[in-house]
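Okay, so here's the structure we're looking at.
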Amino acid sequence: MKKLAEFIRNLLQQLKLMNQPFTPQLVIAAYTQAIFPMGNDDGTINWYSPDPRCIIDLDDFHAPKRLMRTYRSGKFEMRVNSAWSEVLERCGTEHGSTWISGDIVRVYTQLHEMGFAHSVEAYYKGELAGGLYGVAIGGAFMGESMFHLVTDASKVSLVYLVERMRERKFVLLDSQYMTEHLGTLSAKLISKSAYIRRLNEAIQLPCRFDDRQY
């Protein structure tokens with residue numbers, strides 16, 4: 001009965017969200033309720049709130065020694081918000097079939113302009129080699145997607161993201177779903193209820209991911 005009640009509750013949330021215009025304000029409101037959007041090939045938007053939820057615990061994060069040597073070697077030049085559009089485009093094309101639809105690009109670009117969505121870039125020999133993007137609300141960062149054109153470029157982008165979040169007193173890094181790639185970088189699954197408790201605490205914090213004026 002408990003699982004059935006949860007299923008019905010999630011279905012009602014979906015129907016409520018689907019009947020509203022897809023806007024930056026709606027996406028921010030959804031994130032604060034542990035819900036996120038994904039686009040479909042037909043242009044529609046679906047909403048998700050997985051249980052369990054994948055996070056990267058900032059206190060327990062550790063990367064393989066080889067990767068940390070690469071990160072510290074200076075092979076990649078790390079930047080923030082220097083190539084938003086290209087990162088979004090690459091994330092949408094490097095993985096084949098993608099959930100990054102036209103509406104996702106439109107709304108997340110608006111979120112970027114509003115100061116909520118951010119990209120991290122790794123450059124190799126002056127060229128964009130990999131990166132990631134996500135949405136920051138208070139002390140939470142909701143990671144959305146990553147890509148690489150050069151080996152380890154996406155992984156060093158994640159290491160850089162974690163270090164930046166620690167420096168700026170963020171407390172929650174949401175990774176949505178567990179993948180083999182994230183499993184090598186100390187991601188873990190927690191219950192939805194535990195995630196919501198962490199989220200509610202995180203979004204109250206006065207953290208800033210960058211120093212742009214909006």
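Laboratory data are not the source of any read-out in this text; all were calculated from the coordinates shown. This is a predicted model, so every value here is computed, not measured. Virtual Cβ from ideal backbone geometry, glycine too; neighbours counted across all protein chains shown.
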Helix-only mean residue ellipticity at 222 nm, the chain, DSSP H runs n ≥ 4 weighted -39,500 (n - 2.57), per residue, nearest 500. What is it? -12500 deg cm²/dmol
Using +1 at the Cβ of each Lys and Arg and -1 at the Cβ of each Asp and Glu in the chain, identify which of His112, Phe76, Val159 lies farthest towards the dipole's positive end. Val159
Assuming R0 = 25 Å, what is the FRET efficiency of Asp41 and Thr151, from their Cβ-Cβ distance, to the nearest 0.05? 0.25
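Can you give the FRET efficiency for Glu167 and Glu86, using 1/(1 + (r/R0)^6), R0 = 35 Å, r = Cβ-Cβ distance, to the nearest 0.05? Show your work: numbers first, answer last.
On the way: r = 25 Å, r/R0 = 0.72.
Result of the calculation: an efficiency of 0.90.
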Phi to ³J(HN,Hα) by Karplus 6.51 cos²θ - 1.76 cosθ + 1.60 over the range 192-202, Hz, x for Gly, Pro: 4, 5, 5, 4, 5, 4, 5, 4, 4, 6, 5
If each of Thr179 and Leu205 carries a label point 7 Å out from its Cα toward its Cβ, how far apart are those two points in nm? 2.4 nm
Could you list the residues of the range 126-148 with an amide nitrogen less than 19 Å from a label point located 7 Å from the Cα of Ala29 in the Cα-to-C-beta direction? 136-138
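Could you calculate the FRET efficiency of Lys65 with Glu127 from 1/(1 + (r/R0)^6), where r is the beta carbon distance between them and R0 is 41 Å, rounded to 0.05?
Values: r = 27 Å, r/R0 = 0.65.
E between Lys65 and Glu127, to the nearest 0.05, is 0.95.
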Most mobile of Leu58, Leu199, Leu172 in a GNM of the chain (Cα contacts under 10 Å): Leu58
Anyone know which of Ala30, Ala140, Ala122 comes out most mobile in the 10 Å Cα GNM of the chain? Ala30
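Ratio of Rg to Rh for the range 53-202, alpha carbon only, Kirkwood? If you can, show how the numbers build up before the last one.
Details: Rg = 14.7 Å, Rh = 15.6 Å.
For the range 53-202, the value is 0.94.
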Springs between alpha-carbon atoms under 10 Å, Gaussian network over the chain: tell me which of Asp152, Asp59, Asp51 tops the mean-square fluctuations. Asp59
Projecting the Cα atoms of Tyr31, Leu185, Ile45 onto the charge dipole of the chain, where Lys and Arg contribute +1 and Asp and Glu -1 at Cβ, the residue farthest towards the positive end is Leu185
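Extension gain Val105-Arg79, at 0.36 nm per residue separation less the Cα-Cα distance, in nm?
Working: separation 26, 0.36 × 26 = 9.36 nm, distance 2.08 nm.
Here the answer is 7.3 nm.
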In debye to the nearest 20, how big a dipole does the chain give about its Cα centre with +1 on each Lys and Arg Cβ and -1 on each Asp and Glu Cβ? 660 debye
Which aspartates and glutamates, if any, have their Cα less than 12 Å from the Cα of Lys155, not counting same-chain residues under 8 positions apart? Glu121
